[in-house]
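Visitor: I'd like to ask you about the structure that follows.
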Amino acid sequence: KILVTGSLGQIGSELVMKLRREYGNDHIIASDIRRLENEVVESGPFEILDVTDGSEIFKLANKFEVDTIIHLAALLSASAEAKPQMAWNLNMGGLINVLEAARVLGLKVFVPSSIGAFGAETPKHKTPQVTIQRPSTMYGINKVAGELLCDYYFHRYAVDARGVRFPGLVSYVAPPGGGTTDYAVEIFYEALRKKRYTCFIHQKTCLDMMYMPDAINAVIQLMETDPEKLTFRNSYNITAMSVTPENIANEIKKHVPSFVVDYQVDPVRQSIADSWPDSLDDSAARQDWGFKAEFGLEDMTEDMLGKINI
Ligand code: VAH
């Protein structure tokens, strides 16, 4: 059985439904700090869980005889920069609680990292799997510390911890919350709602992006991989495309010709984005566990515009 934390977030909302389709509703225990009346809560077991309370994780893991935790509860980069102390408590406090439960109960763990785990000194183009990581944001510090902590639990306690460094994720099921890459989601909604969007990131800022179906498949594929094949644990670089807001806007214009984008750069989120790579080298993930993104900018744009309900 799989316990998913942060199940009502941008990744969790789709991952829970996909896992329930793959493994059966009752095998996936969704959890989040709050409850919403939606398919995640109504289609199978759902529990309120504050991951900063370690005893609660142990209780749920025992109650549902969980063997795997997919740990998605976190504050994203922009929110973490606004509330750094809260971000440390949630992002690191929640993680150590999940790893302790995994150590004591012998659970498998998935913990996401991010392109945010890299900093200004990191090579920006085709960022290597192993390279300098000195991020300057609280989120980035949490991600690097999280990667190192997961590797520690693997080497010291044989906890089967695995992770990927997600690019910015684009989706239409649940909105992202407090991410620097949220513009890459908002731009699609605004193109349909108002045929115009004011982007808070500079038009030439190039970042790795990925459509959510590819991100969900990557989690499942990594977790199902024979551990002998994994030369890295936390965390694998993965990517689907390296695009600028201008690239996305131009692709949308092919479907919404009158779409207009203007730019009002938010200095805080721009400085976060400027510290991140513009493209990752994901060859290790391709070699070790056959990762391959299906969606590029063209088909992601077509799918997003076709699926968004406004
Ligand atoms: C964020 N969407 O913007 C997340 C992600 C790579 C970006 O970590 O913080």
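Visitor: With the range 233-307 as the region, which helices (runs of 4 or more DSSP H) entirely inside it contain at least 2 residues that are more than 26 Å from Q129 (Cα to Cα)? Let's see the steps before the verdict.
Guide: Values: elements: 245-253, 267-274, 283-289, 297-307.
By residue number, 245-253, 267-274, 297-307.
Visitor: Something else: So how many residues does the range 217-235 have that are touching a residue at least 12 places away in the same chain (Cβ under 8 Å), farther than 14 Å from R286 by Cα and either aliphatic (A, V, I, L, M) or surrounded by fewer than 18 Cβ atoms within 10 Å (Cβ to Cβ) (or both)?
Guide: Adding up the residues that qualify gives 3.
Visitor: Of (1) within 17 Å of S275 (Cβ to Cβ); (2) out of contact with any Ser or Thr (no Cβ under 7 Å at 6 or more places or on another chain); (3) within 15 Å of the ligand (Cβ to nearest atom), E121 satisfies all except one. Which?
Guide: Condition (3) is where E121 drops out.
Visitor: Follow-up question, since we're still on this one. Scan the range 150-161 for residues that are crowded, with 18+ Cβ neighbours inside 10 Å and in a helix (DSSP H, G or I) and report the count.
Guide: 3
Visitor: Another one. Inside the range 11-36, can you point out the residues that are closer than 14 Å to V173 by Cα and out of contact with any strand residue (DSSP E or B) (no Cβ under 8 Å at 6 or more places or on another chain)?
Guide: S13, E14, M17, K18, L36
Visitor: Also, I was wondering about something else. Restricting attention to the range 248-270, which residues are within 20 Å of the chain's Cα centre (by Cα) and surrounded by fewer than 19 Cβ atoms within 10 Å (Cβ to Cβ)?
Guide: Hit for the range 248-270 is Q270, nothing else.
Visitor: In addition: Identify all residues within the range 226-273 that are within 13 Å of the ligand (Cβ to nearest atom) and either charged (D, E, K, R) or touching a His at 6+ places or on another chain (Cβ under 7 Å) (or both); write none if there are none.
Guide: If the condition is that a residue be within 13 Å of the ligand (Cβ to nearest atom) and either charged (D, E, K, R) or touching a His at 6+ places or on another chain (Cβ under 7 Å) (or both), then D266, R269, Q270 are the ones that fit.
Visitor: Still on this structure, please answer the following. Restricting the first residue to the range 187-210 and requiring it to be within 15 Å of T244 (Cα to Cα) and part of a helix (DSSP H, G or I), which pairs with a second residue that is within 16 Å of the ligand (Cβ to nearest atom) and at pLDDT 95 or above meet a Cβ separation below 9 Å and a spacing of at least six or different chains?
Guide: Note: pairs meeting the criteria are I187/C199; I187/P245; I187/I248; F188/V170; F188/Y172; F188/I248; F188/M304.
Visitor: Separate question: Among what's in the range 76-111 and is among the polar types (S, T, N, Q) and within 16 Å of the ligand (Cβ to nearest atom), pick the residue that is nearest to S136 (Cα to Cα). Before you say what the answer is, go through the steps one by one.
Guide: Taking the range 76-111 first, the residues among the polar types (S, T, N, Q) are 77, 79, 85, 89, 91, 97.
The next check asks that each one be within 16 Å of the ligand (Cβ to nearest atom); those that pass are 77, 79, 91.
Values: S77: 11, S79: 15, N91: 16 Å.
The selected residue is S77.
Visitor: Also: Hey, could you check the range 40-58 for residues that are over 25 Å from N217 (Cβ atoms), loosely packed, with under 14 Cβ neighbours inside 10 Å and not hydrophobic (A, V, I, L, M, F, W, C) and say which is farthest from the chain's Cα centre (by Cα)?
Guide: Restricting to residues being over 25 Å from N217 (Cβ atoms), loosely packed, with under 14 Cβ neighbours inside 10 Å and not hydrophobic (A, V, I, L, M, F, W, C), the top hit is S55.
Visitor: Give L99, L76, L105 a once-over and let me know the one that is in contact with a Leu (Cβ under 9 Å, 6 or more places away or on another chain) and not basic (K, R).
Guide: On inspection, the qualifying residue turns out to be L99.
Visitor: Kindly check whether there is at least one residue in the range 48-70 that is within 16 Å of the ligand (Cβ to nearest atom) and among the aromatic types (F, W, Y).
Guide: no
Visitor: Please tell me if R196 is at negative phi and more than 16 Å from the ligand (Cβ to nearest atom). Write out each step before concluding.
Guide: Working: at negative phi: yes; more than 16 Å from the ligand (Cβ to nearest atom): yes.
Considered against the rule, which asks whether it is at negative phi and more than 16 Å from the ligand (Cβ to nearest atom), R196 comes out as yes.
Visitor: Only residues that are in a loop (DSSP other than H, G, I, E, B) and more than 12 Å from the ligand (Cβ to nearest atom): list them for the range 162-185, please.
Guide: G163, Y172, V173, A174
Visitor: Quick check on the range 6-39: of everything there that is more than 16 Å from the ligand (Cβ to nearest atom) and of a type in the set (S, T, Y), which residue is nearest to the chain's Cα centre (by Cα)?
Guide: S7
Visitor: If you don't mind, another one. Could you say which residue among T52, T5 is among the hydroxyl-bearing types (S, T, Y) and touching a Ser or Thr at 6+ places or on another chain (Cβ under 6 Å)?
Guide: T5
Visitor: Tell me yes or no: at least one residue of the range 214-231 is at pLDDT 95 or above, in a loop (DSSP other than H, G, I, E, B), touching a helix residue (DSSP H, G or I) at 6+ places or on another chain (Cβ under 6 Å) and over 22 Å from L149 (Cα atoms).
Guide: Looking for residues that are at pLDDT 95 or above, in a loop (DSSP other than H, G, I, E, B), touching a helix residue (DSSP H, G or I) at 6+ places or on another chain (Cβ under 6 Å) and over 22 Å from L149 (Cα atoms), one finds none in the range 214-231, hence no.
Visitor: Take F188 and decide whether it is within 13 Å of the ligand (Cβ to nearest atom), at pLDDT 95 or above and not β-branched (V, I, T).
Guide: Taking the combined requirement at face value, the residue does not satisfy it.
The values are calculated or read from the model by the stated rules, or taken from the named source; none is laboratory data. Fair warning: this is a prediction, and the values are worked out from it, not measured in the lab. FYI the Cβ positions are ideal-geometry reconstructions off the backbone, even for glycines, and counts take in every protein chain you see.
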